[in-house]
Amino acid sequence: MLQKSMSSSSSCCTLLIGLLYVVLLGGSLSHGQLSPTFYDTTCPNVSNIVRGIIEEALKTDARIGASLIRLHFHDCFVNGCDGSILLNNSATIESEKEALPNNNSVRGFGVVDDIKTALETACPTTVSCADILAIAAEESVSLAGGPSWNVSLGRRDSTTANRTAANIFLPGPTQPLYILKEMFSTMGLDTTDLVALSGAHTFGRAQCSTFINRLYDFNSSGNPDPTLNTTYLSTLQGICPQDGDPTVVTNLDITTPDVFDNKYFSNLQVLEGLLQSDQELFSTADENDTVAIVDNFTADQTAFFASFVVSMIKMGNISPLTGTAGEIRLNCGKVNDNSTESDGLLYSSM
């Protein structure tokens, strides 16, 4: 665990990371021009098509909505919202799927492929894979009882992936709050965005490997994380024994695990946040700004929904490819046969 006393060196590190991010992007962090009406003429039923396929997937996989919104998040935090997370390994691409935060963790690729197939039938070579992720995130939230919003569209797909950036810029479940704040700030997102977007953990599941550090030997103390409710601790130890299967999953929200609501935040108030990065939003003593936001979202679900929509739109605007940059992939897992990889560089190592 990094200590707060390292904040000065961390600030220096953050600056370097910010500069590295610009280099890895091959450009600036400026936002492209997206519009909710982008497909009104060329593919007017795009949202209905996406929604229908997610509805069908939910019949056999209650987790899929949360998995799809996570794909959008993990896409946007690496080289911007460009569909790069969907690319498979190839002769020229090291897939982001095998980066440490993604490997054997991100899921939902089959549903994305089903959506792409349906859209290629309805409106060929029109809807990007990056936009599919953005639409799927909104529809997943709406279908789970959360807010709806007009998704800004017009992203194009990258012809490269960036595993190095995925290993650097994707927030992890054991990182302290001040590091999470810095990582979000690097993306142009503020503390309210951090708390609001963390609220997506109101549905979905997490593997034992992402929180077992809290259950037995937190920070090499020989004891569990003191910010974990003792009754909840016993429940989690039953699900995740010390020498058990690290891939076993449990609900991120113990209260309403498949509903998009504000119970995630009330769980934090009674020390029932599953991930360390969740509970730190409420239990980090010298970070009262996040505590106030958690309290507000607990008391007012409408306020949470409104902030979540704003933050999702902001996140979806991180450095998209627009205009003639990139391409519209015909298969979300691979670049088109005529691709030139002209919109970026592939970094396999640092």
- So how much accessible area does GLU98 have, in Å² to the nearest 10, using a 1.4 Å probe? 90 Å²
- Item | Mean separation of Cα contacts under 8 Å (6+ apart) over length of the stretch 22-180, as relative contact order % | 35 percent
- Message: Assuming 0.36 nm per residue, please report the length gained on full extension of the stretch ALA62 to SER35 beyond their Cα-Cα distance.
- Response: 6.7 nm
- Task: For the stretch 116-182, just say rounded, prolate or oblate: build the C-alpha gyration tensor, square-root its eigenvalues into a ≥ b ≥ c, call rounded for a/c under 1.5, and beyond that prolate if a/b exceeds b/c, oblate if not.
- Result: oblate
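Would you compute, from DSSP H runs of 4+ residues alone, the mean residue ellipticity of the chain at 222 nm, taking -39500 (n - 2.57) per run and dividing by the full residue count, rounded to the nearest 500?
Only helices count here, giving -13500 deg cm²/dmol.
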- Query: When only Cα pairs under 8 Å and 6 or more residues apart are kept, what is the percent relative contact order across the stretch 151-227?
  - Reply: 17 percent
- Query: Distance in nm between label sites at ASN331 and GLN242, each 7 Å beyond Cα in the beta-carbon direction?
  - Reply: 4.8 nm
- Item | Accessible area of THR191 in the full protein assembly, 1.4 Å probe (Å², nearest 10) | 40 Å²
- Query: By accessible area of protein heavy atoms, probe 1.4 Å, what ranking do LEU100, LEU143, LEU189 get, highest first?
  - Reply: LEU100, LEU143, LEU189
- With everything on Cα atoms, drop me the angle between helix 7-25 and the longest principal axis of the chain, reported from 0 to 90° to the nearest 10. 20 degrees
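Below 8 Å between Cα atoms, with a sequence gap of 6+, how large is the relative contact order for the chain in percent?
Computed over the chain, the figure is 26 percent.
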- Taking Cα atoms only, helix 129-143 is inclined relative to the longest principal axis of the chain by an angle, in degrees rounded to 10, of 50 degrees
- Item | Nearest 10 degrees, 0 to 90: helix 301-316 Cα axis against the chain principal axis | 50 degrees
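The values are calculated or read from the model by the stated rules, or taken from the named source; none is laboratory data. Quick caveat, the model's predicted, so the values are computed rather than measured. Here the Cβ is made from the backbone with ideal geometry for all residues, glycine too, and neighbour counts use every protein chain on show. The protein model used for the area step is the full one, side chains on, heavy atoms only, and it has no ligands, DNA or RNA in it. Shrake-Rupley method; radii C 1.70, N 1.55, O 1.52, S 1.80 Å.
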